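Have a look at the structure below, then the notes.
The values are calculated or read from the model by the stated rules, or taken from the named source; none is laboratory data. Remember, predicted model here, so these are calculated numbers, not experimental data. Here the Cβ is made from the backbone with ideal geometry for all residues, glycine too, and neighbour counts use every protein chain on show. Accessible surface areas use protein heavy atoms only, side chains included; no ligands, DNA or RNA. Shrake-Rupley method; radii C 1.70, N 1.55, O 1.52, S 1.80 Å.
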Amino acid sequence: MAKVGGKELVLTSDQQIIFNEAKTSISKYKQAAIHLYPGGGKSYILAKLIQDAKDNYSDTSKFNVLYISKPGSCSRVQSLYNDTYWEECMNYITFNQLQRNEKEVDLLKLDDIHIIAIDEAHSSLAPKTYLGIEYIIKKYPNAIIIAMSANDKRYDARRWIFDYLTNKNA
């Protein structure tokens, strides 16, 4: 059983509803958008989605998640996901790394990525960052995309972030 923050992973009833909605979206479209207020438990819902996918994967030693976010969010999630269950599958790239080199994911030398989690997704639409996100999505076309944010709009031109980060044909 996976632990988050040193505790058994248990969702509140509200988080469970969002988890169920995300699972439905993933099963239909291989993508989900989690729009939830700050402190609402996006990282816990993500952990449960990862746990569910990993536990249903045939070879968990080859199951990989790419978590993309701001440096502070990457550090916070690394400290929450701090047991061996997560260490074997979690990989982290910051928006700053993508801005410097859109092919930063190649340095991880992963054969496959099963879940691409984009946290603080409203920040991922910065032009250089988005090039990196596009590169990753094209490199791993079978990956499940989970976009998460407390803010559903990007501040420049007020574009809807989830429209940009999820498949328009779904």
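So here's what we get for this one:
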quantity: Protein-only accessible surface order, largest first, of HIS35, HIS122 at 1.4 Å; calculated: HIS35, HIS122
quantity: Positive minus negative residues near LYS109 (Lys, Arg vs Asp, Glu; Cβ under 14 Å); calculated: -1
quantity: Fluctuation leader among ALA53, ALA117, ALA33 - the chain, Gaussian network, Cα springs under 10 angstrom; calculated: ALA53
quantity: Within segment 117-136: backbone nitrogen closer than 11 Å to the ARG76 label point (7 Å, Cα to C-beta); calculated: 120
quantity: Most mobile listed residue (ASN91, ASN82, ASN64) in the chain, GNM with C-alpha springs under 10 Å; calculated: ASN82
quantity: For SER13, solvent-accessible area (1.4 Å; no DNA, RNA or ligand), Å²; calculated: 90
quantity: Formal net charge of residues neighbouring LEU9 (Cβ-Cβ distance under 13 Å; K, R +1; D, E -1); calculated: 0
quantity: Low-density loop cleavage sites - trypsin sites (Lys or Arg not before Pro) in segment 58-127, where at most 13 other Cβ are within 10 Å (DSSP); calculated: LYS103, LYS109
quantity: Karplus-derived 3J(HN,Hα), 6.51/-1.76/1.60, for each residue of segment 7-12, Hz, glycine and proline x; calculated: 10, 4, 6, 9, 8, 6
quantity: Rounded to whole Hz, the Karplus (6.51, -1.76, 1.60) HN-Hα couplings of segment 76-92, x for glycine and proline; calculated: 5, 5, 4, 6, 6, 8, 10, 10, 4, 3, 7, 4, 6, 10, 8, 10, 10
quantity: Expected 222 nm ellipticity per residue - DSSP helices of 4 or more, -39500 (n - 2.57), all of the chain, to 500; calculated: -12000 deg cm²/dmol
quantity: For the chain, accessible area per residue (1.4 Å probe, heavy atoms of protein chains only), Å²; calculated: 52
quantity: Of all accessible heavy-atom area on segment 6-93, the percent that carbon and sulfur account for (1.4 Å); calculated: 49
quantity: Length-normalised contact order of segment 35-97 in % [C-alpha pairs under 8 Å, at least 6 apart]; calculated: 35
quantity: Percentage relative contact order, the chain, counting C-alpha pairs under 8 Å, at least six apart; calculated: 26
